[in-house]
1. Taking the options 280, 267, 211, name whichever one is under 22 Å from the mean Cα position of the chain (by Cα), farther than 30 Å from residue 186 by Cα and either not in a strand (DSSP E or B) or not assigned by TED's automatic domain parsing to the domain that holds residue 386 (or both).
2. Can you pull out every residue in segment 387-405 that is closer than 18 Å to residue 371 by Cα, in contact (Cβ under 8 Å) with a residue 12 or more places away in the chain and not in a helix (DSSP H, G or I)?
3. Tally the residues that are closer than 30 Å to residue 87 by Cβ and part of a loop (DSSP other than H, G, I, E, B), restricting the search to segment 214-252.
4. Look through 319, 306 and report the one residue that is closer than 30 Å to residue 404 by Cβ, touching a helix residue (DSSP H, G or I) at 6+ places or on another chain (Cβ under 8 Å) and surrounded by 13 or more Cβ atoms within 10 Å (Cβ to Cβ).
5. Is it true that some residue in segment 94-113 is free of Cβ contacts under 8 Å to residues at least 24 places away in the same chain, surrounded by 15 or more Cβ atoms within 10 Å (Cβ to Cβ) and in contact with a helix residue (DSSP H, G or I) (Cβ under 8 Å, 6 or more places away or on another chain)?
6. When you go through 452, 424 one by one, which is the residue that is part of a loop (DSSP other than H, G, I, E, B), out of contact with any helix residue (DSSP H, G or I) (no Cβ under 7 Å at 6 or more places or on another chain) and farther than 30 Å from residue 378 by Cα?
7. Can you pull out every residue in segment 118-138 that is without any contact (Cβ under 8 Å) to a residue 60 or more places away in the chain and either in the same structural domain as residue 224 (by TED's automatic domain parsing) or out of contact with any helix residue (DSSP H, G or I) (no Cβ under 7 Å at 6 or more places or on another chain) (or both)?
8. If you scan segment 170-208, which residues turn out to be in contact (Cβ under 8 Å) with a residue 60 or more places away in the chain, in contact with a strand residue (DSSP E or B) (Cβ under 6 Å, 6 or more places away or on another chain) and in a loop (DSSP other than H, G, I, E, B)?
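The values are calculated or read from the model by the stated rules, or taken from the named source; none is laboratory data. Just so it is clear, the model here is predicted, and its values are computed rather than measured. Here the Cβ positions follow ideal geometry from the backbone for every residue, glycine too, while neighbour counts run over all protein chains shown.
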């Protein structure tokens, strides 16, 4: 009896330690508002051996598993729950076989960096901007921390035109100016050089063919700090081609922060919906995202107030700017759209994997239709989109394009990624991953907007502004005027 009492007393510190290490939290069931209690273990891997206690893991929590087993679990979970595998022609067994070897090599050398890179390569092999892996800032700095000092884009006439030069950079000192055409990079034609650029350090994996070009154009000017590269270029209004050697310098990612895509980053107190009147006759509304903020806790009311003011002022033309809008709450997009449609427009229904049915089924109550609202704008509308337009912002652009008085305008298609998020996975060494768990379907039950296996997807503007070198030079010359907005104004004439 005494031995049993002593043994029990010895277990008390261990149990108290476990209670201390565990923290209770709540997790939302994906795509619902139901919250369930969940026990979270905050330690990724412990250096000291622990007694074999039967731990209970939350779904997708593989932090305490060996690297290879965690990766197998990750593959199996995504193979089951990821909704676009067939649509994008993804072979999970091939991916598992290939990347398992990289994981095994990382484990053999005990390299956390290799483990992370293998997971990142795996995630970025899936053409979907909705799949994500948290950024390892140290490795990112190691691979693309240096910039040659320029940002550019490949135009429709296959010319790489520089639209930004970072002051004081290597490109700046070499005499390259905005509007210059880079003819050769690393002593080969620029189009060939772009094909070899890795998209591993893009913000998100590109989904469309256009997206791959955009991301490669952003990353061709990045390299490890100190890297040297020969570049042949031709400044505007000059025929002579000059060849220079550029050095990648630490610029705090300046050339990545100045993309041609029109993106607005909001502070905590700034409103995601902004408006103004242009020239006293055109209403302009910019929706940065479909969400709320401290200053705008009820966005739907803000939408209504703005539209009411436009109608009261007798404005016959309105520009809706969705450039750089990553999406957000689809219910808000539906509510906003109701101010611009004259009859019901089908928005989407969502399908998600159900274990008990061993397949994808529709989510009850998640069928969304845009219905006309009492405060309804009946004038002409131009919707601005770009590569940064994603998620439910793409769905809204598509829905509004069905209205005769609405024109969608831009110089490229939208991102082509509208899957609903919800698949969160915790891997060893504190690495977190996520992926879409629900697909957006049209009224007939077909996948809509999401890029397919051939990279076709997104919303193509009804009026697509040619991204020629001539037009791009005009954009550069009148950068402060927002040329695309100017074209939207001209479209009304």
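1. Answer to the selection: 267.
2. Scanning segment 387-405 gives 401, 402, 403, 405.
3. Residues in segment 214-252 being closer than 30 Å to residue 87 by Cβ and part of a loop (DSSP other than H, G, I, E, B): 1 in total.
4. On inspection, the qualifying residue turns out to be 319.
5. Scanning segment 94-113 turns up at least one residue that is free of Cβ contacts under 8 Å to residues at least 24 places away in the same chain, surrounded by 15 or more Cβ atoms within 10 Å (Cβ to Cβ) and in contact with a helix residue (DSSP H, G or I) (Cβ under 8 Å, 6 or more places away or on another chain).
6. Details: 424 fails: part of a loop (DSSP other than H, G, I, E, B).
The match here is 452.
7. 135, 137, 138
8. 174, 176, 178
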